[in-house]
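The values are calculated or read from the model by the stated rules, or taken from the named source; none is laboratory data. Note that this is a predicted model, so its numbers are computed, not measured. No Cβ is skipped: glycine too gets one built from the backbone with ideal geometry, and neighbour counts run over all protein chains shown. Protein only, heavy atoms only, side chains kept; ligands, DNA and RNA dropped before computing areas. Shrake-Rupley method; radii C 1.70, N 1.55, O 1.52, S 1.80 Å.
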Amino acid sequence: MVMAYDKKLITVLGATGSIGLSTLDVVARHPQRYGVFALTAHRQVDKLFEQCLLHRPAYAVVDLADDARRLQLRLDDAGCSTEVLAGPEALATVASAPEVDMVMAAIVGAAGLVPTLAAARSGKCVLLANKEALVMSGALFMQEVAASGATLLPIDSEHNAIFQALPQGFVPGAAGSGVTRILLTASGGPFRRTPVEALAGVTPEMAVAHPNWVMGRKISVDSATMMNKGLEVIEAHWLFGVTAERIEVVIHPESVIHSMVAYVDGSVLAQLGNPDMRTPIAHALAYPERVDAGVRPLDLFAVGQLNFERPDLERFPCLALAYRALEEGGIAPAVLNAANEVAVGSFLDGALRFDRIAGVIAATLDAVAPRVADSLDVVLDADRLARQQAASFVRQYVR
Ligand code: NAD
Ligand code: MG
């Protein structure tokens, strides 16, 4: 018997990226449950063209008007009725359109903030992969979610694991009584055992080769510096309403336990699985039901053992910088994020040594004056200013 479902319409922001591809893979497994309303990409027009033919969205969005015109012609020729839009405003439009039920926020970096916020403001079910948006604007973002009644479901594997280990029906921003600690697991990335002196010689190819996960380039570098875990500490603070002292980072090289919640009675609840983002994506798409994600079953006998270590803050100074920014509050996390994006971009372009990423971020945090982050304009100003400062610190290193 075929079950009848209320078909959900989805906008995928960042459809051509690693999370976007995994999302469309899960969506395609359940055509009776999900339809695609809009797909967006930055410059990867060929990939987006193929995705439009396959998923037949009502809208596609790219960055440049010229790309949009060319893509529209190709889609028309192929008999595909998708309408192509261009520019950042169009991202917000397809994220907040009345037809849309769910928005997968999977643009990388600060570019995702405005459209993700637009989805939250319009009361959508927001599937949040774009952690940078929440890091930049935590308080504002959570206020918008509360005010509109939007549903916020974490896609980041750790936060999705925590969400699964928290009591049913907890309110976003408030983990609830009985929770004593959040244990955020981290693989430690490719340089967990590399001598600290050798980090100066790390190339982009070495840094993006993650031992357990296949991801976009920026987050792969963030995993290698552990800034990714730092951003995730800030993300967990906002999503679950837990203070920094109660969020503990645990290095777990096998990446099988995706995070844990410790309770006052001594219980520790963990979520386990193979490292495959389709699990948290499927969990959030179907929540509170469960659907097949195409993920192979976890074989504990093949895993054999699970190990745990404390993170070494000398090896991973970026992790300490994220705790510092969370403690400073206000615009500091937005400054941290912007400086990190500039430093990582410069590293990937070959203009900055790997072991100098943290130095650029620390100098930027010192240089930008603290401010209360009480509006989107203040956050976007802090982002701009921090980018300028960070770029000048990168240039000082180059000289
Ligand atoms: P990616 O680089 O593979 O893809 C990024 C997507 O965003 C692409 O579709 C790209 O076209 C689009 N994009 C890039 N810059 C843009 C801009 N300026 N304007 C509009 N669109 C733009 O990145 P990813 O690895 O899929 O990560 C996406 C987000 O998910 C990030 O915030 C990352 O931290 C988070 N995340 C990723 C993973 C993972 O396994 N890849 C896991 C957890 C969280
Ligand atoms: Mg993660």
Inset, instruction - Summarise the accessible area of region 277-319 (1.4 Å probe, protein heavy atoms) by the percent that is carbon and sulfur. - result: 52
Inset, instruction - Roll a 1.4 Å probe over the protein heavy atoms and report the accessible area of Tyr287 in Å², nearest 10. - result: 80
Legend entry - Phi-based couplings in Hz for region 307-315 (Karplus 6.51, -1.76, 1.60; Gly and Pro marked x): 10, 9, 9, 7, x, 9, 6, 6, 6
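Give me the accessible area per residue for the chain, probe 1.4 Å, as a whole number in Å².
Numbers: 17130 Å² over 399 residues.
Accessible surface, normalised per residue, equals 43 Å².
Taking square-rooted eigenvalues a ≥ b ≥ c of the alpha carbon gyration tensor, is region 80-217 rounded, prolate or oblate, where a/c under 1.5 means rounded and, failing that, a/b exceeding b/c means prolate? If you can, show how the numbers build up before the last one.
Working: a/c = 2.45, a/b = 1.30, b/c = 1.89.
Verdict is oblate for region 80-217.
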Legend entry - Coil-residue trypsin sites (Lys or Arg not before Pro) of region 161-242, DSSP, other Cβ within 10 Å capped at 15: Arg193
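Stokes-Einstein at 10 °C, 1.306 mPa s, Kirkwood radius from Cα pairs: D for region 8-155 in µm² s⁻¹?
On the way: Rh = 14.9 Å.
Calculated translational D: 106 µm²/s.
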Inset, instruction - Please calculate the 1.4 Å probe accessible area of Phe37, with all protein chains present, and give it to the nearest 10 Å². - result: 10
Legend entry - Spread of Cα-to-Cα distances over 10 Å intervals beginning at zero, given as percent, for region 329-399: 24, 52, 20, 4
Inset, instruction - Using a 1.4 angstrom probe on heavy atoms only, work out the carbon and sulfur share of the accessible area of region 329-399 in %. - result: 50
Legend entry - Probe 1.4 Å - accessible area at Thr180, Å² to nearest ten: 50
Inset, instruction - Report, by chain and number, residues whose modeled amide H sits under 5 Å from the one on Leu9, excluding near sequence neighbours (fewer than 5 apart, same chain). - result: Gly35, Asp101, Met102
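Once you list every other residue whose beta carbon is under 9 Å from the beta carbon of Leu348, what net charge do they have if Lys and Arg are +1 and Asp and Glu are -1? Before the final figure, lay out the partial values.
Values: positive: Arg217, Lys218; negative: Asp349.
Taking every other residue near Leu348 into account, the sum is +1.
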Legend entry - Under 26 Å from the Cα of Lys47 - lysines, other chains or at least 8 residues apart: Lys7, Lys8, Lys131, Lys218
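About the Cα centre of the chain, how large is the charge dipole given +1 on each Lys and Arg Cβ and -1 on each Asp and Glu Cβ? Please answer in debye to the nearest 20.
300
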Inset, instruction - Per residue of region 39-50, in order, report the coupling 6.51 cos²θ - 1.76 cosθ + 1.60 (Karplus, θ = phi - 60°) as ³J(HN,Hα) in whole Hz, putting x for Gly and Pro. - result: 10, 10, 9, 8, 10, 7, 6, 5, 5, 5, 4, 4
Legend entry - DSSP-assigned coil residues among chymotrypsin sites (Phe, Trp or Tyr not before Pro) in region 98-204, each with at most 13 further Cβ atoms within 10 Å: none
Legend entry - Check: region 95-245 dipole with +1 on Lys, Arg Cβ and -1 on Asp, Glu Cβ, in debye: 140
Inset, instruction - Among DSSP beta bridges whose residues both lie in the chain, state the antiparallel percentage, nearest 5. - result: 30
Inset, instruction - Apply the Kirkwood formula to region 192-349: the hydrodynamic radius equals the inverse of the mean of 1/r over all pairs of different alpha-carbon atoms; give it in Å with one decimal. - result: 17.5
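Using only the Cα atoms, what convex hull volume per residue in Å³ does the chain have?
151
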